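Visitor: Handing you this structure, nothing more for now.
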Amino acid sequence: MLTAESSMVGNALFFVFAGLAIACAISMVYHRNPLYSAVSLVGVFIALSCIYVTLAAPFIAAVQILIYAGAIMVLVVFVIMLLNLDEDKPLTRLRYLYAIGAGLGVILLAQTFFIFYAVMRAPNIPVAEDQTAGRTIDIGRAMYSEYLLPVEIVGVLLMMAVIGGVILSRKLTQPQLELVVDNEMERRGEDH
Amino acid sequence: MEGVIKTAFPFIVLSVGILLAFQGVLMMVAYTVLAERKVLGWIQGRIGPNRVGPWGVLQPFADLLKFIFKEDLVPDKSTKFIYFLAPMVALIAALMPIVVYPFGPAITSVDWTFLPFGLGEGIKELPMTIARIDVGVLFVLGITSVGVYGIALAGWSSNNKYSLMGGLRSSAQMISYELAMGASVIGVVMLAGTLDLNGIIYAQQQSPFRWYIIPQFVGFIVFLIAAFAETNRVPFDLPEAETELVAGFHTEYSALKFALFFMAEYVNMFTVSVMCTVLFLGGWYVPGLSHLFEVGSIPYALVSHVAFIGKICAFLFFYIWVRGTLPRFRFDQLMNFGWKFLLPVAIANVIVTIVVVYFLNS
């Protein structure tokens with residue numbers, strides 16, 4: 001295909017995926033039911049993964065689906081299902097929050113317009129298909145040569161999180177029956 | 001006019017390829033259902049369905065008609081949107097890996113200049129894979145892990161205790177065995193040096209063992225067991241056991257939505273059979289075929305493709321055979337087995353492979 005058509009198709013694809021991501025993000029913030037929010041977040045991750053593919057980063061795209069959408073969000077959905085969270089009740093008393101929300105919204109809109117302005121003024125560098133930073137072999141090489149220490153530290157951090165979760169959530173076990181009986185016997189002053 | 005045809009031509013070719021691949025896979029899946037009923041019947045000393053056509057070959061169409069005409073029930077207090085979304089997610093996640101399957105070797109012997117409008121210039125080969133992605137293995141593993149959502153959401157949205165338990169058990173089982181499956185694939189990827197499915201087949205052609213099942217037999221066994229658990233098939237089918245949980249996560253689904261879950265289960269079986277074939281049995285590669293036919297010619301591609309389908313059918317038969325033979329695991333036995341035995345064995349396989357590859361390459 002000629003480059004003009006391919007950049008047109010590339011632009012169209014970007015707008016489709018970006019639009020999908022924004023729609024899912026708005027849906028996630030809007031819904032009161034936490035499960036709908038979680039499913040919308042999965043939609044956001046899938047749309048982001050598609051954008052990564054258009055940026056010539058196939059490994060990151062695949063890993064985004066595998067880890068983020070496929071493992072992390074599954075655990076979040078489990079938590080929501082097991083805890084049986086109720087829908088958020090709409091707030092009725094704190095009216096000043098609406099004013100604060102509107103003010104923050106205006107600031108956010110101003111930031112967005114500034115980003116548009118800066119992007120329009122930036123030079124347009126097209127992404128080459130054979131860019132050599134996104135391939136698996138380059139990421140692997142970098143991970144084990146230049147960035148080895150950060151990778152190992154992140155591994156230790158993740159293990160700390162897992163062990164912390166296990167310790168914080170264990171139930172204090174019931175004392176064994178013999179101990180209970182012994183204590184009761186002592187209390188009553190009898191011997192068994 | 002010519003420019004429009006030139007830009008649209010790759011899309012048209014891709015669309016035709018996708019259509020053919022999806023049709024082929026769905027027909028195979030429909031006949032897998034029939035094959036399961038017949039083979040299970042023979043194992044159990046009876047014949048399966050034989051009324052609807054000679055040997056029951058029209059049975060899948062009868063089943064499809066039945067599913068379409070059944071009454072469509074929707075539970076009253078269920079979360080409607082997610083109730084309708086769940087079977088769609090399950091089936092989409094099951095069907096998506098079709099685009100990376102290597103159905104056969106690329107055909108290079110045909111000269112395409114006979115096509116009008118100069119469409120055939122510069123085209124050297126016709127690949128028999130729809131999308132040649134660099135990270136094909138990760139793509140398949142990722143999409144199958146998205147398939148867990150279909151089951152978890154189905155269990156939740158039915159507003160039924162048994163469905164919820166079945167859905168949670170099934171998703172817990174699937175995410176546990178996904179790890180062992182991924183770890184068993186690492187050995188093959190290390191031997192092949194690439195994550196691309198076609199690249200893995202070419203690497204098996206070059207290797208002295210021809211098929212990676214020989215150096216990676218431990219990985220093969222681990223992958224096979226994890227695949228049984230991933231697809232919720234016997235002996236790991238407690239989440240949908242009739243005696244335990246009515247029908248597990250798809251209790252409240254009827255008619256076409258149940259047909260979608262049913263199809264998703266069999267397409268998942270097909271997916272892991274294809275992965276097993278490509279990773280461990282060399283995919284479409286038949287050792288010694290290059291002596292009979294010229295590499296890249298149409299007969300070579302055809303025979304390789306038939307061999308590929310034959311290997312997949314062998315795995316599907318093995319699935320059905322195991323279903324007719326083994327009893328099922330209890331859920332705690334299942335989780336213990338996945339985490340305490342299968343995952344350490346898979347990791348040990350990776351370590352041994354690393355050591356051997358390192359010493360062979362140095």
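The values are calculated or read from the model by the stated rules, or taken from the named source; none is laboratory data. Values in this document were obtained by computation on a predicted structure and should not be read as measured data. Here the Cβ positions follow ideal geometry from the backbone for every residue, glycine too, while neighbour counts run over all protein chains shown.
Visitor: Which of the residues that make up the stretch A:43-72 are at the interface with chain B (Cβ under 8 Å from one of its Cβ atoms) and within 22 Å of residue B:169 (Cβ to Cβ)?
Guide: Those that are at the interface with chain B (Cβ under 8 Å from one of its Cβ atoms) and within 22 Å of residue B:169 (Cβ to Cβ): A:69, A:70, A:71.
Visitor: Quick one: which residue in B:3, B:45, B:41, B:24 is of a type outside the set (Ser, Thr, Tyr), modelled with pLDDT of 90 or more and loosely packed, with under 12 Cβ neighbours inside 10 Å?
Guide: The match here is B:45.
Visitor: Working carefully through the options B:149, B:101, find the one that is within 12 Å of another protein chain (Cβ to nearest Cβ) and at pLDDT 85 or above. Steps first, please.
Guide: Working: B:101 fails: within 12 Å of another protein chain (Cβ to nearest Cβ).
None of the other options fit; the residue is B:149.
Visitor: Let me ask something else about it. Just to be sure before I move on: is residue B:169 more than 7 Å from every other protein chain (Cβ to nearest Cβ), surrounded by fewer than 23 Cβ atoms within 10 Å (Cβ to Cβ), touching a helix residue (DSSP H, G or I) at 6+ places or on another chain (Cβ under 7 Å) and among the charged types (D, E, K, R) in the structure I sent? I'd like the intermediate steps shown before the answer.
Guide: On the way: more than 7 Å from every other protein chain (Cβ to nearest Cβ): yes; surrounded by fewer than 23 Cβ atoms within 10 Å (Cβ to Cβ): no; touching a helix residue (DSSP H, G or I) at 6+ places or on another chain (Cβ under 7 Å): yes; among the charged types (D, E, K, R): yes.
Criteria not met by residue B:169.
Visitor: Need at least 3 residues that are out of contact with any helix residue (DSSP H, G or I) (no Cβ under 7 Å at 6 or more places or on another chain) and within 30 Å of residue B:29 (Cβ to Cβ) per element, so show me which helices (runs of 4 or more DSSP H) inside the stretch B:272-362 make the cut, counting only ones lying wholly within it. Steps first, please.
Guide: Details: elements: B:289-292, B:298-325, B:331-336, B:343-361.
Result: B:298-325.
Visitor: Also, I was wondering about something else. Out of the stretch B:124-152, which residues are assigned to a loop (DSSP other than H, G, I, E, B) and crowded, with 23+ Cβ neighbours inside 10 Å?
Guide: Matches in the stretch B:124-152: B:135 only.
Visitor: Find the residue count for the stretch B:174-188, including only residues that are crowded, with 22+ Cβ neighbours inside 10 Å and either without any contact (Cβ under 8 Å) to a residue 60 or more places away in the chain or farther than 25 Å from residue B:127 by Cβ (or both).
Guide: Residues of the stretch B:174-188 crowded, with 22+ Cβ neighbours inside 10 Å: B:174, B:177-178, B:180-181, B:183-185, B:187-188.
If we keep only those that are either without any contact (Cβ under 8 Å) to a residue 60 or more places away in the chain or farther than 25 Å from residue B:127 by Cβ (or both) as well, we get B:174, B:177-178, B:180-181, B:183-184, B:187.
Residues meeting the conditions: 8.
Visitor: Need the failing condition index for residue B:209 against (1) in contact (Cβ under 8 Å) with a residue 60 or more places away in the chain; (2) over 30 Å from residue B:13 (Cβ atoms); (3) not in a helix (DSSP H, G or I), just the number.
Guide: Against the list (1) in contact (Cβ under 8 Å) with a residue 60 or more places away in the chain; (2) over 30 Å from residue B:13 (Cβ atoms); (3) not in a helix (DSSP H, G or I), residue B:209 comes up short only on (1).
Visitor: If you don't mind, another one. Which of the following residues is within 14 Å of chain A (Cβ to nearest Cβ) and more than 30 Å from residue A:57 (Cβ to Cβ): B:155, B:136? Reasoning before the result, please.
Guide: Numbers: B:136 fails: more than 30 Å from residue A:57 (Cβ to Cβ).
None of the others qualify; the one that does is B:155.
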